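Report on the structure given below.
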Amino acid sequence: MKRILPCFLLITGMACSNSTDKTSSLETTAGPITLVIHGGAGTIKRENMTPEREAAYHAALQQALDSGYTVLERGGKSLDAVIAAIKVMEDSPLFNAGKGAVFNSEGKNELDASIMDGSNLMAGAVAGVTTIKNPITAAYAAMTKSEHVMLIGAGAEKFAREQNLQTVDPSYFFDSLRYKQWIKAKEAETEKDKTAAEIDPYIKDKKFGTVGAVALDKFGNIAAGTSTGGMTNKKYGRVGDAPIIGAGTYADNTSCGVSSTGWGEYFIRLAVAHDIAALKKYSGLSLQQAADSVVMKKVPALGGDGGIIALDRQGNVSMTFNTAGMYRGYIKKRGEGKTFIYKD
Ligand code: ASP
């Protein structure tokens, strides 16, 4: 049976994994490679955008797609593609992750990230970190270099330093636009300026662009990752869905990979990423049907909002959201990366 399996999977166009050695049996296979990314869902409306800002988002998303796709194209692993794409967005002030992270109620940037390997269900996460330049790399280190899944706060930072990851002074994360948004959010909290939240959709929304990526490599392995600064004016120590495996991130080769963005409290309570994977796996729904059932029905029914990106082993992609917009894009072939912002 072992000798027949790889041939069968090659005919179906899928890569496979051998139970004893995942990589060696896969090197001869070359399934479809795909990368899908998001830069956050929320109240993103044309009327609030300038053409320059729109162009900047498209360019940054393209850069992230290009970076991740280059890894896949060269025969690299989905995990590395996810990290490459997310690092580009973490380094951009346009997104609420890494540089550009939102401020919490004490005026600090506390970052969360997670990553998962769909080939073996290994996962890693960090939460509430303030000095790790690229939290996604710390999530990966937690997965590969520790016996744990999640590390938080000062412990996660100590671990990151031990792993020689790049650390920065917390002031690195200061961004004047995010700071202004936080000040407005604080004002809106008080009776003093109730209208600020109504006038400025960014304040009403409090979500500004969590980032995520899901990749399928030529070996047929799916990986997913998510990174965020959370929600603006969040309470000190608040942890959202992004670093929670099963809520913000999930990957399972036998089902799909998912990265979430939205109102984290709801995504945690509904275990959104895992629910989509479970629906696809156990109920026979297609990837899109599973995503619709959770994002378009369950999340709003509970009062939450947001979106997801997902992909399966056949390279099917879903970018589903119940908000006005979601920064997003996907690529299946060099030069054919597509990026989007609004619903239409
Ligand atoms: N899900 C993130 C959180 O709740 C926020 C976002 O996606 O924008 O922390």
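The values are calculated or read from the model by the stated rules, or taken from the named source; none is laboratory data. For clarity, every value in this text was computed on a predicted model and none was experimentally measured. All Cβ positions, glycine included, derive from the backbone under ideal geometry; neighbour counts span all protein chains shown. Note: accessible area is taken over every heavy atom of the protein model, side chains too, but ligands, DNA and RNA are not part of it. Shrake-Rupley method; radii C 1.70, N 1.55, O 1.52, S 1.80 Å.
Some notes on this structure:
- Take region 81-131 with all the other protein chains still there, run a 1.4 Å probe, and you get 21 Å² of accessible area per residue.
- At q = 0.11 Å⁻¹, base-10 log of I(q)/I(0) for the chain (Debye sum, equal scatterers on each alpha carbon): -0.64
- Highest GNM mean-square fluctuation among 227, 92, 114, for the chain modelled with Cα contacts below 10 Å: 92.
- According to the Cα-based calculation, Rg over Rh for region 60-145 is 1.00, with Rh computed by the Kirkwood formula.
- Amide H to amide H distances under 5 Å link residue 328 with 39, 340, where only residues 5 or more positions off or on other chains count and H is placed in the peptide plane.
- Highest mobility in the GNM of the chain, judged by mean-square fluctuation with C-alpha springs under 10 Å and restricted to 307, 220, 76, is found for 76.
- Karplus-derived HN-Hα couplings along region 50-66 (A = 6.51, B = -1.76, C = 1.60, θ = phi - 60°), whole Hz, x at Gly and Pro: 9, x, 5, 5, 4, 4, 5, 5, 4, 5, 5, 5, 4, 5, 5, 4, 4
- Sulfur and carbon atoms: percent of accessible area, region 76-117 [1.4 Å]: 48
- Looking at region 245-296, the accessible area is 34 square angstrom per residue; that uses a 1.4 Å probe and ignores ligands, DNA and RNA.
- Amide hydrogen neighbours beyond the local backbone of residue 122, cut-off 5 Å, H modeled: 117
- Extension gain from residue 236 to residue 106, taking 0.36 nm per residue of separation minus the Cα-Cα distance: 46.1 nm
- Here the spin labels are modelled as points 7 Å beyond Cα on the Cα-Cβ line, and at residue 163 and residue 296 they lie 3.8 nm apart.
- Gaussian network model of the chain, springs between alpha carbon atoms under 10 Å - residue of 113, 301, 160 with greatest fluctuation: 301
- Net length gained if the chain between residue 286 and residue 338 were fully extended (0.36 nm per residue, minus Cα distance): 16.5 nm
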